[in-house]
Ligand code: IPM
Ligand code: MN
């Protein structure tokens, strides 16, 4: 029997509630596909910080490094100043575990949940590959003359050739593999005739950020032309990208972008796929320890009310299994989610699903 050790961080607010349902579904999948999943729980989060004054214990990073996969609920507590937990836990783990990819699939499972007129599941099915270790997120910068009328605040975007290139290569590889060798439906006949099977769109801002995205654009074309001639290269400014997400989401196959732009466009992506209740992501270190999470926050106002949608966490669990190489089990979970949202749920929004958090977990486990 194949055995996997998984670290679980429920975290704050509704985090533990949704993670419980994700584990329920993972266990159902494990039973069906004869896997053994061993969980180790960690209590990192706002409660622990308020109790101990420590954001992450000294040993945390070293311990988590031993796991190839981590399941995370949510980080963020109403009684803790914004930034402390986000930087001290989430961003610290992303950086120190070198999870340099943030992978966010945007897939609409049922037309009923889409806020866009005349768009359905065949139109909204793309993946955003967000750089996850650099850009505006490194904390580089500072204040001069803080608190005076002459105050200066500088926040720098860090873009290294190495960091950009490894992200681009991951995105090209992902685009190549995504359809299992089948050409992406949005390609023009001449692309297919020329042997191109996938499309990778670089989303940037080459008209204004003429240093950072100059590096990105050069690396994109160099790497693409040399090593990925079968992937069609496409470019869109980030502002136009948000426009196309609403107007023509069917134009996208895989998108690659920097940390900040990726943060912004994936919230919009989550909305067009049905909301935060369904949107999942993975913080990936292909050679190390990766962490999967529902992308919505800790939702304090819904905590303990049994109304939060656990499907984003369940989908994060599916991504986790896929990452571990259990692609059949991962696909089975996704199919069970699709069946549940198409046949049972009334809405994907908290409190409007027609079921409690626990019942939604049961529905998916039963569909499996
Ligand atoms: C996300 C979140 C985080 C980010 C926050 C909580 C630091 O918004 O995962 O997208 O900005 O990356
Ligand atoms: Mn975000």
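Entry note, the chain: relative contact order of 24 percent, from Cα contacts under 8 Å with a spacing of 6+ residues.
In plain terms, the residue of 124, 295 with the fewest other Cβ atoms within 10 Å comes first and the most crowded comes last, giving 295, 124. Once the cut-off is 20 Å, how many percent of the Cα-Cα pairs in segment 246-326 end up in the long-distance tail? Of the Cα pairs, 42 percent sit more than 20 Å apart.
Within the chain, antiparallel bridges make up roughly 40 percent of the DSSP beta bridges whose residues both belong there.
Once the Cα-Cα distance is subtracted from the 0.36 nm per residue extended length, the residue 152 to residue 61 segment shows a gain of 29.4 nm. Cβ crowding within 10 Å, taken as a proxy for footprinting-reagent exposure, orders 323, 77, 306 from fewest neighbours to most as 306, 323, 77. A simple packing score, the average count of other Cβ atoms within 10 Å per residue, orders the peptides 84-90, 276-282, 24-30, 111-117 as 276-282, 24-30, 84-90, 111-117, with the highest score first. The helix-only estimate of mean residue ellipticity at 222 nm for the chain, built from DSSP H runs of length n ≥ 4 each weighted as -39500 (n - 2.57), is -11500 deg cm²/dmol after division by the residue total. Taking a ≥ b ≥ c as the square roots of the eigenvalues of the Cα gyration tensor of segment 167-250, is the shape rounded (a/c under 1.5), prolate (a/b larger than b/c) or oblate? Verdict is oblate for segment 167-250. Evaluated at q = 0.20, 0.24 Å⁻¹, the base-10 log of the normalised Debye intensity for segment 241-288, with identical point scatterers placed on the Cα atoms, takes the values -0.76, -1.02. Packing order of peptides 337-347, 254-264, 181-191, highest average first: 254-264, 337-347, 181-191 (average count of other Cβ atoms within 10 Å over each peptide's residues). For the chain, the equivalent ellipsoid derived from the alpha-carbon gyration tensor has semi-axes of 30, 28, 20 Å in decreasing order. Taking every DSSP bridge with both residues inside segment 125-272, close to 25 percent are antiparallel. Gain on full extension, evaluated as 0.36 nm per residue between residue 301 and residue 366 minus their Cα-Cα distance, stands at 20.5 nm. Every Cα-Cα pair in segment 166-305 was counted, and those over 24 Å apart are 37% of them.
We did not get these values from a lab; they are worked out from the coordinates using the rules stated. None of these values were measured; they are calculated from a predicted model. FYI the Cβ positions are ideal-geometry reconstructions off the backbone, even for glycines, and counts take in every protein chain you see.
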